[in-house]
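Below is one structure; the comments refer to it alone.
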Amino acid sequence: MSRRDAVRKHIMPFGAEVVPGGVRFRLWAPTAEGIDLLLAGRPGEGETVRPMTRGDGGWFELEAAGAGAGDRYRFRVDGNLAVPDPASRHQPQDVHGPSQVVDPEAFSWGDAEWTGRPWEETVLYELHVGAFTPEGTFDAVRGKLDHLRSVGVTAVALMPVSDFPGRRNWGYDGVLLFAPDAGYGRPEDLKRLVEAAHRRGLMVFLDVVYNHFGPEGNYLHRYAGRFFDPSHPTPWGDAINFTGPGSEVVRSFFIHNALYWLEEFHLDGLRLDAVHAMRDDSDPSFLDDLARAVAAGPGSRRHVHLVLENYANEVHPLERSADGTPLRYTAQWNDDVHHALHCLITGEAEGYYADFAPDPLRYLGRGLAEGFAWQGEPSPYRGTSRGEASAHLPPGAFVNFLQNHDQIGNRPFGDRLTTLVPEAALEAALAVLLLAPSPPLLFMGEEFACRRPFPFFCDFGPDLARAVTEGRRREFKRFTRFNDPAVRARIPDPNAAGTFAAAVLDWDAAAGETGRRRLSRVRDLLELRRREIVPRLAGTGGHAGRFRLHDRGVLEVDWTLGDGSRLLLLARPGGEGEGPAMAAPPGRVLAATHPEEPGAAGPLRPAPWSVRWSLVEAAAP
């Protein structure tokens, strides 16, 4: 292996870069009069003050001779406020402390042969580093990779790891976007995790947040106010400035962040959080620029997949070329399929489930067959139309799931489906999820029927903590169950250490009777997916799926796959008594929750919570 293959370094126009003889420091501070570099050596050594040179466009720069990896530094704004580097690679003392110089070339990689995996092989497993194991570190996640591979997972999807305030956080309050949170380990520990995953054939994805900064530890307002657009408020504060004066630097900051994770950490993909909350009417848009930069960079050399969360259900980011290659983004998390399935198996109808509760089976069928269930129709819950026609997109443009961090953690008590619905209902829903052509996503612990909650948790300073706790409880006031203030008061305090402790996975449950049974079922379904379905997915185009509703709650979906074969689903997710008499779908039965007797004659009568998958092989040429 050459030295070039063994080291990976992303060059950025800002931050601290180790150069021959020292370290080059650069900061964009257009609203500051002056910037000083406060530089210290090892912990305990005093800081030296070095004025930085102001250049054009609000840039400050200094090359510090003799400085090196391990040195700690801060920037002092206008002689009084000392702040960390917004492009810091490591924050050993959290978001308010000094940054530390990291030399990425000091880490020698051993996965030069890894070029990723095609998208059709993807089975995502979302996890929170801090709650996935009792240790809550990158090294501890590495110790569980063999388990994930044995389940049939092909891609580890990390919730955001960028440095956040305090000891615990979901990660969506990150403020130093280039620094893996020190509570999880050093940057080298994350690199070892990625390298170990690649050795096992596992991809690694990272959730990134480009629609806002967290509310504590973000000092950009003090010296680079152009990062924000106060004319467009978001639920988390002022919108990011993607279009106004100074936006070219802002866009560069986030695009470099994406490239940094993909290149310096050799990640296989990113999931962009809540892009519907971005305020950007430019042409080309920031999302277009980012996708192009990734395609021209790491995406030109290996498989790199970009995934969106976009509740607006827009199709243009997901469009394909004539040969089926994604033009911008590979896929989107499909909330519609989740919401429809959730309504079917729980009967819940409040909040955003209100749009799906009147006819959840139809919405499920449309979502499985065509992608979005809402394709421009008026949404009563949202008070406006939502979505665009999506049947022309392939099934691979949509990631389906039964549970994820949002759909568990947005519940008042963070309760999982395992505690809400009968086992038969959950088994049926899993059989639908794991064998459908769209790539499935599991949330950590789902594979062994984990019953531990995953409530929202954080660790803010006292004043902000109080506001977050009150706001969290006030958020549920409009739900019937929480009209009573005494009931709302029982909602867990997000800042309490016990709230986080309750979310840490109980790995002993995987060895219990229920855990072993669920684990065996998930493994069997994913092995069936790998053997029978994945080899047929490449080349699957748009308009691949069709759905039909039958009496007594029976759904039939039929997909034409890339090799010309047909995959057929017959499901009755609910109901009582015998289903309608119907002819058995054609083809070889792949899986059935209620197996038919060999050689049995007569029509099928789908039982409640029954799922049947069959395959019609493509005709020989």
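The values are calculated or read from the model by the stated rules, or taken from the named source; none is laboratory data. None of the values given here were measured: they were computed from a predicted structure. Virtual Cβ from ideal backbone geometry, glycine too; neighbours counted across all protein chains shown.
Check the range 281-289 and report whether any residue there is surrounded by fewer than 18 Cβ atoms within 10 Å (Cβ to Cβ), of a type in the set (Ser, Thr, Tyr) and under 26 Å from Ala373 (Cβ atoms).
There is no residue in the range 281-289 that is surrounded by fewer than 18 Cβ atoms within 10 Å (Cβ to Cβ), of a type in the set (Ser, Thr, Tyr) and under 26 Å from Ala373 (Cβ atoms).
Considering only the range 244-256, I want to know if a residue exists there that is farther than 18 Å from Met12 by Cβ, crowded, with 16+ Cβ neighbours inside 10 Å, β-branched (Val, Ile, Thr) and in the same structural domain as Met203 (by TED's automatic domain parsing).
no
Taking Arg54 as the residue in question, decide whether it is surrounded by 17 or more Cβ atoms within 10 Å (Cβ to Cβ) and touching a residue at least 12 places away in the same chain (Cβ under 8 Å).
So Arg54 fails the test.
Can you tell me which residue is nearest to Pro455 (Cα to Cα) among those in the range 419-442 that are in contact with an Asp or Glu (Cβ under 9 Å, 6 or more places away or on another chain) and assigned to a helix (DSSP H, G or I)?
For the range 419-442, the residue satisfying everything is Leu430.
Can you tell which of Gly166, Gly152, Gly171 is more than 27 Å from Val7 (Cα to Cα) and crowded, with 23+ Cβ neighbours inside 10 Å?
The conditions single out Gly171.
Report yes if Asn483 is more than 20 Å from Glu423 (Cα to Cα), polar (S, T, N, Q) and either surrounded by fewer than 18 Cβ atoms within 10 Å (Cβ to Cβ) or in the same structural domain as Trp559 (by TED's automatic domain parsing) (or both), otherwise no.
Yes; evaluated as a whole, the condition is true for this residue.
Among the strands (runs of 3 or more DSSP E) lying completely within the range 19-98, list those that include at least 1 residues that are over 37 Å from the mean Cα position of the chain (by Cα).
22-28, 35-40, 48-51, 59-65
If you take the residues in the range 222-243 that are touching a residue at least 24 places away in the same chain (Cβ under 8 Å) and assigned to a loop (DSSP other than H, G, I, E, B), which one is surrounded by the fewest Cβ atoms within 10 Å (Cβ to Cβ)?
Of everything passing the filter in the range 222-243, Pro235 is surrounded by the fewest Cβ atoms within 10 Å (Cβ to Cβ).
Pairs needed: first member in the range 472-501, at negative phi and in a loop (DSSP other than H, G, I, E, B); second member anywhere, at pLDDT below 80 and hydrophobic (A, V, I, L, M, F, W, C); C-beta distance under 6 Å; at least 6 residues apart or different chains.
Sorted first by the residue in the range 472-501, then by its partner, the pairs are Phe476/Phe482.
All but one of (1) over 26 Å from Asn313 (Cα atoms); (2) crowded, with 22+ Cβ neighbours inside 10 Å hold for Ala436; state the number of the condition that does not hold.
(1)
Can you tell me which residue is surrounded by the most Cβ atoms within 10 Å (Cβ to Cβ) among those in the range 567-598 that are in contact with an Asp or Glu (Cβ under 9 Å, 6 or more places away or on another chain) and among the small types (Gly, Ala, Ser)?
Checked the range 567-598; the qualifying residue surrounded by the most Cβ atoms within 10 Å (Cβ to Cβ) is Ala571.
Please go through the range 12-51 and give me each residue that is farther than 20 Å from Arg72 by Cβ, free of Cβ contacts under 8 Å to residues at least 12 places away in the same chain and in contact with a strand residue (DSSP E or B) (Cβ under 7 Å, 6 or more places away or on another chain), ordered by number.
none
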